[in-house]
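Trainee: Have a look at the structure that comes next, please.
All of the numbers you see were taken from the coordinates with simple rules; none came from a lab. Values in this document were obtained by computation on a predicted structure and should not be read as measured data. Positions of Cβ are backbone-derived with ideal geometry, glycine not excepted, and every protein chain shown enters the neighbour counts.
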Amino acid sequence: MTEIRLSNLGKDFASFTALADMNMTIADGEFMALLGPSGCGKSTTMNMIAGMLEPTTGSIEFDGRDVRGVPMARRGVGFVFQNYAIFTHMTVWDNLAYGLKARGTPRAEVARRVEETASLLQLSPLLKRRASGLSVNILQRLAIGRSAIVEPAIFLLDEPLSNVDAAFRAVMRTELKQLQRQFKQTMIYVTHDQLEAMTMADRIAVMDHGKLLQVGTPLDVYNNPQNTFVAGFLGSPGMNLMQGHVRQDGSSTAVDFGAHGSITVSDTAIEAAAAKSDGRVQFGFRPEAAAPSQDGALRFPVNFIERIGSRTIVHLGDPDNAIKIIVANQTELPRVGEVLSLDITKGSERFFEIESGQAVGRQSDGLH
Amino acid sequence: MNTIADITDTVQKTPADRPNDEGHLGLWLSLPAQLLVLFIAVFPILMQIYISLTDWSPLDGIGWWRAWELWNSFANYTDLAQDNRFWSALLRTLLVMVVCVPVEFLLGLGLAVLFVDEFPGRRFLYSVLLIPMMVVPAVAGYMFFMLFQSGGPINDILAFFVGQPVKIAWLSDPDLALIAVMVADIWQWTPLMFLILLAGLVGVPEDQQRAATLLGASWWRRFITIVLPRMKTIMIIALAIRVIENFKIFDTLFIMTGGGPGVATETISVYIYKVTQQELIWGYVAAIALAILITLSIVSAYAIRHVSSPEADT
């Protein structure tokens, strides 16, 4: 178990910057998810922690010890590959024993620890089997067991569920979380699937274009996105974003959306942010934070109704202000073309600067 | 005249109307090719079996189809079993194989390991390494014939190291001639091993090797436990190709020594050549050739069975 500290970490491939200026501390025993779209630098980060890549700038410390130049075999890092990289020409037993044998562990102890790990992962009946014909969930457990048996300080998992179908993924998410509780290791989990990150991680690090955008607990990142990318990336559908003008409305301040109505605000930070870009500001709200009401503050024409079973997504607005809201199935659904009036749940309004996309006003607990 | 629509109509209707015709049609269409294969492969073998059971020779003045007039049952085969020259040629062929193939394999594997990773000049050296393979074997034979002359460059190089003139008569010394022949074979065919094994080496999954490294395995352990087992199929193919090819060794050797001095480098192919061209006893040659064909088929069958078995998983 180890605390990992990344300082100003960066990686360039020729002229392409895969990662820049990453600062993050992963606590001992923490389950940290690196979340972001393809090419955001999450795998690069992980490969540098494992020692497969050398950083261009910055440093990686395990428990305060800089690991630059330490070869990957000596970092004490367990790595679960996207396709598990199981040695399919060997038996399950040989796969589990591989790391111990490589370390020259006495034969009796190898046997004892293989038995121990196998029974923990319910692999005991399969020990004599060749690893080539096993099902995906067994391969996953085997991959984790093979890394765990040498008691690595850190566990890195590179999109381990991306080859699995959706139904199975739910089962494996639960299984993985339980395995982490059993091994109590520091885990870093790379994924582009927000559901995996939200359900399993203690904290999520959202990345895009080689930059770390926000780190926080799943709920914090979801509720208080620090910029418009995080706001739109998390949630399904993501946060609604629309531009409005800040204007004085007598004694109070309002954000005006023209034909779509206006909302009153009380945070002076919003005015300050709007002053930077001709009085404009971005307003955001979650699809589930809006509800149709008789005389809501905002009005949009209904474009399209999308039924997805447990709930219904109503698409509203025009191309400039495409809004989605989620309503329960029992609700009486509006008709297409009808103008719907919406109430936004108090306290769930979020504001962002136009230029930088940074959040305004209410802030989460900060990046680090 | 049929329009295209008519033709497509017919094509679409036929299987539905006469479903059994499809199979017959396929048979008819492939029949010429099948007959050709039959003619090329099966006919010569049947002819060979037939002649191997007779005393026929072109000098007899009768066509080969009348060879039955000289029927001698299995006399050729019983003769073969007692033919010392045949058995020593066979042993010599096996000796060449047992030395050359492993040396080519190990050299090829070693080179392949060096060439897996990028290094400056890799592409250039790669092309250079493949040159011997592209040299016509007869030309390679001539090259080594020159190199191994007693006044040739190889002796000169040895002289440089020894510090005094070296006059080894490589090709006319019965003990050394076979070594010279082996050197030529190794020079020419190590590149093929290298090429095949490099392809196999590149195909070993990168992440499995990384996984092994992350588990603390040394390079050597990784090579023995991951790389080699994963290359098993390709190694068997490479070895099978070279075993079969090496068994047939002829052109390089024939130009270098002509099988001599005496019979010192006479391999099976050289022996067959001499019996065919100089002694003209074709019935006997057919028997020898057939015996070798059967031997090689067993080797190939063994290799194919290993390669296609589910055990050989990659």
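Trainee: In what order do A:His209, A:His260 fall by count of nearby beta-carbon atoms within 10 Å, going from fewest to most? Don't skip to the answer; put the middle values down first.
Mentor: Working: A:His209 15, A:His260 21.
Result, fewest neighbours first: A:His209, A:His260.
Trainee: On to the next question. In nanometres, what is the gap between the two model label sites at A:Thr57 and A:Val136, each 7 Å from Cα along Cα-to-Cβ?
Mentor: Using points 7 Å along Cα→Cβ, the separation is 3.9 nm.
Trainee: If you don't mind, another one. Could you give the C-alpha radius of gyration of the range A:237-360 expressed as a fraction of 2.2 N^0.38 Å, taking N as the number of residues it contains? It would help to have the intermediate numbers written out before the result.
Mentor: Numbers: Rg = 14.7 Å, N = 124, 2.2 N^0.38 = 13.7 Å.
Cα-based Rg divided by the globular estimate yields 1.07.
Trainee: Now for a different question. Quick one: if the Förster radius is 56 Å, what FRET efficiency do A:Ile354 and A:Gln182 give, using the C-beta to C-beta distance and rounding to 0.05? Each step should come with its number before you reach the end.
Mentor: Numbers: r = 48 Å, r/R0 = 0.86.
Working from the Cβ atoms, E equals 0.70.
Trainee: Once you sort the root eigenvalues of the Cα gyration tensor of the range B:123-183 as a ≥ b ≥ c, which label holds: rounded (a/c under 1.5), prolate (a/b larger than b/c) or oblate (the other case)? Working shown, then result.
Mentor: Values: a/c = 2.76, a/b = 1.52, b/c = 1.81.
Oblate.
Trainee: Taking only the Cα atoms of the protein assembly as shown, how large is their convex hull per residue, in Å³? Intermediate values should be presented prior to the final figure.
Mentor: Working: hull volume 221.3 nm³, N = 682.
Hull volume over Cα atoms, normalised by residue count, gives 324 Å³.
Trainee: Arrange A:Lys11, B:Lys232 by Cβ neighbour counts within 10 Å, fewest through most, would you?
Mentor: Values: A:Lys11 22, B:Lys232 17.
Listing A:Lys11, B:Lys232 from fewest to most nearby Cβ atoms yields B:Lys232, A:Lys11.
Trainee: Sort chain B into rounded, prolate or oblate with this rule: let a ≥ b ≥ c be the square roots of the eigenvalues of the Cα gyration tensor; rounded if a/c is under 1.5, and if a/c is not under 1.5, prolate when a/b is larger than b/c, oblate otherwise.
Mentor: Details: a/c = 2.20, a/b = 1.11, b/c = 1.99.
Taking the square roots of the gyration eigenvalues as a ≥ b ≥ c, chain B is oblate.
Trainee: Can you compute the modelled spin-label distance between A:Asp28 and B:Arg66, with each label point 7 Å from Cα toward Cβ, in nm?
Mentor: 10.2 nm
Trainee: Could I ask something else about it? Nearest 500 deg cm²/dmol is fine: what mean residue ellipticity at 222 nm does chain A get from its DSSP H runs of n ≥ 4 alone, each adding -39,500 (n - 2.57), divided by its residue count? Intermediate values should be presented prior to the final figure.
Mentor: Details: 9 runs with 92 residues, N = 368.
So the helix-based figure for chain A works out to -7500 deg cm²/dmol.
Trainee: Taking amide H positions as placed 1.01 Å from N in the peptide plane, with prolines and chain starts having none, which residues 5 or more places from A:Asp249, or on another chain, fall under 5 Å of its amide H?
Mentor: Correct list: A:Ala254.
Trainee: Taking GluC sites (Glu not before Pro) that fall in a DSSP loop and have at most 16 other Cβ atoms within 10 Å as cut points, what is the longest piece of chain B between them?
Mentor: Working: sites that count: B:Glu118, B:Glu311.
Segment B:119-310 is the longest.
Trainee: Put +1 on the Cβ of each Lys and Arg and -1 on the Cβ of each Asp and Glu in the protein assembly as shown; which of B:Tyr284, B:Pro44, B:Ile168 then has its Cα farthest toward the positive end of the dipole?
Mentor: Projecting each Cα onto the dipole axis, the largest value belongs to B:Ile168.
Trainee: Here is a further query. Counting helices only, and only those DSSP H runs with n ≥ 4, report the 222 nm mean residue ellipticity of chain B as the sum of -39,500 (n - 2.57) divided by its residues, in deg cm²/dmol to the nearest 500.
Mentor: -22000 deg cm²/dmol
Trainee: Can you tell me which aspartates and glutamates have their Cα less than 15 Å from the Cα of B:Lys274? Leave out same-chain residues fewer than eight positions away.
Mentor: Once the sequence-local aspartates and glutamates are set aside, what remains near B:Lys274 is B:Asp83, B:Asp251, B:Glu266.
Trainee: Now for a different question. Through the Karplus equation 6.51 cos²θ - 1.76 cosθ + 1.60, θ set to phi - 60°, convert the phi angles of the range A:221-237 into ³J(HN,Hα) values in whole Hz; use x for Gly and Pro.
Mentor: Coupling constants for the range A:221-237: 5, 5, 7, 10, x, 8, 7, 5, 5, 4, 4, x, 6, 8, x, 9, x Hz.
Trainee: Can you tell me the FRET efficiency between A:Gln248 and A:Ser38 if r is taken as the Cβ-Cβ distance and R0 is 51 Å, rounded to the nearest 0.05? Please list the in-between numbers first.
Mentor: Working: r = 45 Å, r/R0 = 0.88.
E(calc), rounded to 0.05, equals 0.70.
Trainee: Could you pull out the pairs from A:Lys184/A:Lys324; A:Lys177/A:Lys211; A:Lys276/A:Lys346; A:Lys11/A:Lys324; A:Lys184/A:Lys346; A:Lys11/A:Lys101 whose alpha carbons sit more than 31 Å apart here? All intermediate terms of the calculation are to be shown ahead of the outcome.
Mentor: On the way: A:Lys184/A:Lys324 40 Å; A:Lys177/A:Lys211 27 Å; A:Lys276/A:Lys346 26 Å; A:Lys11/A:Lys324 38 Å; A:Lys184/A:Lys346 40 Å; A:Lys11/A:Lys101 34 Å.
Pairs exceeding the cut-off: A:Lys184/A:Lys324; A:Lys11/A:Lys324; A:Lys184/A:Lys346; A:Lys11/A:Lys101.
Trainee: Would you mind classifying the range A:35-188 by shape? Square roots of the alpha carbon gyration tensor eigenvalues, ordered a ≥ b ≥ c; an a/c under 1.5 is rounded, otherwise it is prolate if a/b is larger than b/c and oblate if not.
Mentor: Oblate.
Trainee: Apply 1/(1 + (r/R0)^6) to the Cβ-Cβ distance of B:Glu206 and A:Arg311, taking R0 = 60 Å, and write down the FRET efficiency to the nearest 0.05.
Mentor: Numbers: r = 44 Å, r/R0 = 0.73.
Result of the calculation: an efficiency of 0.85.
Trainee: Another question about this same structure. At q = 0.11 Å⁻¹, what is the log10 ratio I(q)/I(0) for chain A, with the Debye formula run over Cα points and no solvent?
Mentor: -0.84
Trainee: Under the 0.36 nm per residue contour assumption, what length would be gained going from the current alpha-carbon distance of A:Arg74 and A:Glu151 to full extension?
Mentor: Details: separation 77, 0.36 × 77 = 27.72 nm, distance 1.25 nm.
Difference between extended and current length: 26.5 nm.
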